1. Considering only C-alpha atoms, what is the centroid distance from segment 1-26 to segment 35-58, in Å?
2. Below 19 Å Cα-Cα, how many Lys pairs turn up in segment 7-70? Only count pairs eight or more apart in sequence, or on different chains, if you could.
3. If you keep only loop residues by DSSP, which GluC sites (Glu not before Pro) in segment 20-72 have at most 11 other Cβ atoms within 10 Å of their Cβ?
4. Taking loop as defined by DSSP and a crowding limit of 15 other beta carbons within 10 Å, which trypsin sites (Lys or Arg not before Pro) in segment 1-54 fit?
5. In segment 3-53, which chymotrypsin sites (Phe, Trp or Tyr not before Pro) fall in coil by DSSP and have 13 or fewer other Cβ atoms within 10 Å?
6. Rounded to the nearest 0.05, what FRET efficiency is calculated for residue 48 and residue 70 with R0 set to 30 Å and r the Cβ-Cβ distance?
Amino acid sequence: MTKDFSYEILEEIAVLSENNKGWRKELNLVSWNERPAKFDLRDWSPNHEKMGKGITLSNEEFEALKQSLAQM
């Protein structure tokens, strides 16, 4: 049995790559199930109707990631 869920892409921040079928790895600000938006990194189909597995990050997690990347 599949659970229903909803999502709304509030801001498209960056496209990191695109494959030959048009799927793109994107960093977006997404609200899942009408909850507060989180940073979201995953593959999306060209029309944003299908998605691959990804990760979501809170503001604090995203800030920690930015700081870690800046120190590389």
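Here, each number is a calculation from the coordinates, and none is a lab measurement. Owing to the predicted nature of the structure, the values given are computational and were not obtained by experimental measurement. So basically every Cβ, Gly included, is an ideal-geometry build from the backbone, and we count neighbours across all protein chains shown.
1. Result: 5 Å between the Cα centres.
2. Counting lysine pairs in segment 7-70 gives 9.
3. Details: sites: 26, 34, 49, 60, 61, 63; in loops: 34, 49.
Those satisfying the criteria are 34, 49.
4. On the way: sites: 3, 21, 24, 25, 38, 42, 50, 53; in loops: 3, 21, 50.
Here the trypsin sites (Lys or Arg not before Pro) that fit, given the DSSP loop and packing criteria, are 3, 21, 50.
5. In loop regions of segment 3-53 (DSSP not H, G, I, E or B), the sparsely surrounded chymotrypsin sites (Phe, Trp or Tyr not before Pro) are 5.
6. Details: r = 30 Å, r/R0 = 0.99.
Efficiency, rounded to the nearest 0.05: 0.50.
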